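Engineer: To start, I am sharing the structure in question, which I have written as structure tokens.
What follows is calculated from the coordinates using simple rules that are stated; it is not laboratory data. Here the structure is a predicted model, which is why all the values come from computation and not from measurement. Positions of Cβ are generated from backbone atoms using ideal geometry, with glycine treated the same way; all protein chains shown enter the neighbour counts.
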Amino acid sequence: MCERGDVGWAPLPGVGHKPVVVVSTRVVSVALRPVVARITSVKRDRPLPTAVALDDGEVPGLPRRSWIVCHDLATLMTDEPIEHLGRLSPARMVDVEEGLRAVLGL
């Protein structure tokens with residue numbers, strides 16, 4: 001799994017096995033290493049536009065409301081494959097791209 005928008009479980013350095021969404025292009029993911037944004041189910045006040053909400057059941061394998069944390073990016077440093085859960089819709093990827101723009105000032 002190395003396509004932008006793919007969701008799965010991956011080993012994150014210093015954090016452990018967590019759900020993530022691939023945000024890098026396929027070329028970067030294959031030629032270098034995938035860049036991912038962490039997904040959390042921890043509910044908290046998120047005043048900045050850097051977290052994208054996922055509805056219950058929007059992605060198979062994520063049973064409750066979750067958030068893509070666009071300000072928590074990681075480059076996967078292992079050849080261990082990502083355990084595929086699903087794929088974000090094109091509309092939800094637009095939301096992720098907006099979150100990434102807010103984080104990176106683009």
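Engineer: Got at least one residue in the range 41-59 being in contact with a Lys or Arg (Cβ under 6 Å, 6 or more places away or on another chain) and under 16 Å from G99 (Cβ atoms)?
Structural biologist: no
Engineer: Next question. Go through the residues of the range 19-33 one by one and say whether even a single one is surrounded by fewer than 16 Cβ atoms within 10 Å (Cβ to Cβ) and of a type in the set (D, E, K, R).
Structural biologist: Yes, the range 19-33 contains a residue that is surrounded by fewer than 16 Cβ atoms within 10 Å (Cβ to Cβ) and of a type in the set (D, E, K, R).
Engineer: Check V96 against each of (1) within 17 Å of E3 (Cβ to Cβ); (2) part of a loop (DSSP other than H, G, I, E, B) and name the one condition it does not meet.
Structural biologist: Going through the list (1) within 17 Å of E3 (Cβ to Cβ); (2) part of a loop (DSSP other than H, G, I, E, B), V96 breaks only (2).
Engineer: Test of understanding: among P81, P63, which residue is closer than 14 Å to V7 by Cβ and without any contact (Cβ under 8 Å) to a residue 12 or more places away in the chain?
Structural biologist: P63
Engineer: Restricting to the range 44-54, and then to whatever is touching a residue at least 24 places away in the same chain (Cβ under 8 Å) and outside any strand (DSSP E or B), can you tell me which residue is surrounded by the fewest Cβ atoms within 10 Å (Cβ to Cβ)?
Structural biologist: Among those that are touching a residue at least 24 places away in the same chain (Cβ under 8 Å) and outside any strand (DSSP E or B), it is L48.
Engineer: Next question. Residue check, A74 against (1) in contact with a helix residue (DSSP H, G or I) (Cβ under 9 Å, 6 or more places away or on another chain); (2) touching a residue at least 12 places away in the same chain (Cβ under 8 Å); (3) not β-branched (V, I, T), all met but one. Which one?
Structural biologist: (1)
Engineer: Do you know which residues across the range 55-88 are surrounded by 14 or more Cβ atoms within 10 Å (Cβ to Cβ), assigned to a loop (DSSP other than H, G, I, E, B) and touching a Pro at 6+ places or on another chain (Cβ under 9 Å)?
Structural biologist: Across the range 55-88, the qualifying residues are V59, L62, L76, I82.
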